[in-house]
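Quick notes on the structure that follows.
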Amino acid sequence: GNLYKIIWYENGLVGQHEKQTNPRNGHQDLVKLVEGLNQLSGEAQWDFIREHFDVDRMIDEYAVNMCIQDWDGFWNNYYAYHDLRPGGKWEVIPWDKDKTWGDFDGVSRTYDWYELPLTFAMKGNRPVKHSMFDFGPFGGVSWWRPPGYFSGPLLANPEFRRRFLARLRELCETVFTPEKMTPVIQALESRLEGEVRFLAESRGQDPTAALREFRRDIQSFHNQVTHRREFLLKELDAEQKAK
């Protein structure tokens, strides 16, 4: 298949998609795909999406991104893959998940940001501005990013969006819950505690202080599950009532 790595610092569709396989074949399939997405709307666009994308995988990708507030992962930080076999479709392969779980440039060190909006990354969404001092590189706060070549039209398509929001609610009710996530976070804490102590000692730092900071960071994961989930469910309820 054709594998493309998204390059945020380049310009234009072709420039921002560095081809990793079949480099001599060009970007024709990608260009044709994005043109089709942007030229169609409504049911015709939905038919096009179903024909060309692995819809369930795309919905899962965006729903998980929304849970963990991966503000940089809808337009960047993924590989686009096109299966060239008969019936093959497009999907995305995520990578570089460092700025997630409430982290962004300039965030509070308690990582207490929980409000990435449900409209984020969809076509037509407008930048968020908190004050005259916190504009980011794309016209909004530092976590603001424009809609992606895929996420923009997909998340704005009515049928795709309906399914995406339903899947997001399902995750918030079954997987992205304190009951499910607490044991995972606690296991992470147990595995890393010795490493944190060792690393501090090897650097001549106070291991007690390092562990105190580490546990504060671990607590931020618990807080994200609780408060991000609360925010999502509240927004999902509000969107459902608005219909």
- List the aspartates and glutamates whose Cα lies under 18 Å from the Cα of Lys89, skipping any in the same chain that are fewer than 8 positions away. Asp29, Glu35, Asp47, Glu51, Asp54, Asp56, Asp60, Glu61
- Item | Per residue accessible area of the chain, 1.4 Å probe, in Å² | 54 Å²
- Ser108 accessible area, 1.4 Å probe, all protein chains in place, Å² to nearest 10: 50 Å²
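Going from most exposed to least, what order do Val14, Val141 have by accessible area with a 1.4 Å probe?
Val14, Val141
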- Query: Once all Cα-Cα distances of segment 1-122 are split into 5 Å bins that start at 0, what whole-number percent is in each one?
  - Reply: 2, 10, 17, 21, 20, 14, 8, 5, 2, 0
- Message: Using only the Cα atoms of the chain, what semi-axes does the equivalent ellipsoid have when each is the square root of 5 times a gyration tensor eigenvalue? Give whole Å, largest first.
- Response: 34, 22, 18
- Proximal lysines relative to Lys243, as straight alpha-carbon distance under 21 Å, when same-chain residues fewer than 8 apart are discounted: Lys123, Lys234
- Could you pull out every whole DSSP H run in the chain that spans at least 30 Å of Cα extent along its own axis and averages -1.0 or higher on the Kyte-Doolittle scale? 178-202
- Message: From the protein chains alone at 1.4 Å, what is the descending order of accessible area for Arg145, Arg167, Arg24, largest first?
- Response: Arg24, Arg167, Arg145
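Could you give the alpha-carbon Rg of segment 149-211 over 2.2 N^0.38 Å, rounded to two decimals?
With N residues counted in segment 149-211, Rg over 2.2 N^0.38 Å equals 1.91.
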- Under 1.5 on a/c is rounded, so check that first for segment 83-182, then, if it is not, pick prolate when a/b is larger than b/c and oblate when it is not; a ≥ b ≥ c are the square roots of the alpha carbon gyration tensor eigenvalues. oblate
- Note on the structure: Ignoring ligands and nucleic acids, Met181 exposes an accessible area, probe 1.4 Å, in Å² to the nearest 10, of 30 Å²
- Among 51-58, 38-45, what's the highest-first ranking by average C-beta atoms within 10 angstrom per residue? 51-58, 38-45
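The values are calculated or read from the model by the stated rules, or taken from the named source; none is laboratory data. Only a predicted model underlies this, so the values are computations on that prediction, with no experimental measurement involved. Don't worry about glycine lacking a Cβ; one is built from the backbone with ideal geometry, like all the others, and counts go over all protein chains shown. The protein model used for the area step is the full one, side chains on, heavy atoms only, and it has no ligands, DNA or RNA in it. Shrake-Rupley method; radii C 1.70, N 1.55, O 1.52, S 1.80 Å.
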